[in-house]
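Student: Have a look at the structure that comes next, please.
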C-alpha cells in the first residue's frame, strides 16, 4: 500500500460532506491517536495469546478505519478479527506487523487530507 492509495477518496469525501470539514479534522485526530493505541494493545493481546481481546481490538480498528475510507487497512483488520474469532493467532504475527506498517501510511494520508480544501 502507498500513502496516496491508503484512503478511498469517495468514502472520505462522502464523510466530509456529511459531517463537515471541521469535524472531519477532529475525527482524523481522534482516529490517529486511538488507532495507534489500539494497535499497541493488539500487539500486547497477541503476545498474551488473548484471542478474544485480539479479535475485539481488530474489530474496533476495522470499523473506524472503514468509516474514514481506509478500506484496504480495514480489510487487513478484518482478517485479524477473524483470526481472533477463530481463536487461532498462530499466523497473526506477520499480519500485525503489516498492519502496523500500513497504519503509518494511513495516518500520513489522513494528515495530508486534513489540510486539503
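Student: Of all residues being assigned to a helix (DSSP H, G or I), over 12 Å from the mean Cα position of the chain (by Cα) and in contact (Cβ under 8 Å) with a residue 40 or more places away in the chain in the stretch 57-110, which is surrounded by the fewest Cβ atoms within 10 Å (Cβ to Cβ)? Just the residue, please.
Tutor: Top of the filtered list is 93.
Student: Condition check: modelled with pLDDT of 95 or more, in a helix (DSSP H, G or I), out of contact with any helix residue (DSSP H, G or I) (no Cβ under 7 Å at 6 or more places or on another chain) and more than 19 Å from residue 100 (Cβ to Cβ). Does residue 29 satisfy that? Please lay out each step first, then the result.
Tutor: On the way: modelled with pLDDT of 95 or more: yes; in a helix (DSSP H, G or I): yes; out of contact with any helix residue (DSSP H, G or I) (no Cβ under 7 Å at 6 or more places or on another chain): yes; more than 19 Å from residue 100 (Cβ to Cβ): yes.
So residue 29 passes the test.
Student: Exactly one condition in (1) in a helix (DSSP H, G or I); (2) modelled with pLDDT under 95 is false for residue 116; which is it?
Tutor: So the condition that residue 116 fails would be (1).
Student: Next question, about the same structure. Taking the condition at negative phi, in a helix (DSSP H, G or I), within 13 Å of the chain's Cα centre (by Cα) and modelled with pLDDT of 95 or more, does residue 53 pass? So that I can check it myself, show each step before the final result.
Tutor: Values: at negative phi: yes; in a helix (DSSP H, G or I): yes; within 13 Å of the chain's Cα centre (by Cα): no; modelled with pLDDT of 95 or more: yes.
Taking the combined requirement at face value, the residue does not satisfy it.
Student: State all residues of the stretch 1-46 that are under 17 Å from residue 61 (Cβ atoms), free of Cβ contacts under 8 Å to residues at least 40 places away in the same chain and more than 14 Å from the chain's Cα centre (by Cα); if no residue qualifies, say none.
Tutor: Those that are under 17 Å from residue 61 (Cβ atoms), free of Cβ contacts under 8 Å to residues at least 40 places away in the same chain and more than 14 Å from the chain's Cα centre (by Cα): 44, 45.
The values are calculated or read from the model by the stated rules, or taken from the named source; none is laboratory data. This one's a predicted model, so the numbers in the text were calculated from it and none came from an experiment. Positions of Cβ are generated from backbone atoms using ideal geometry, with glycine treated the same way; all protein chains shown enter the neighbour counts.
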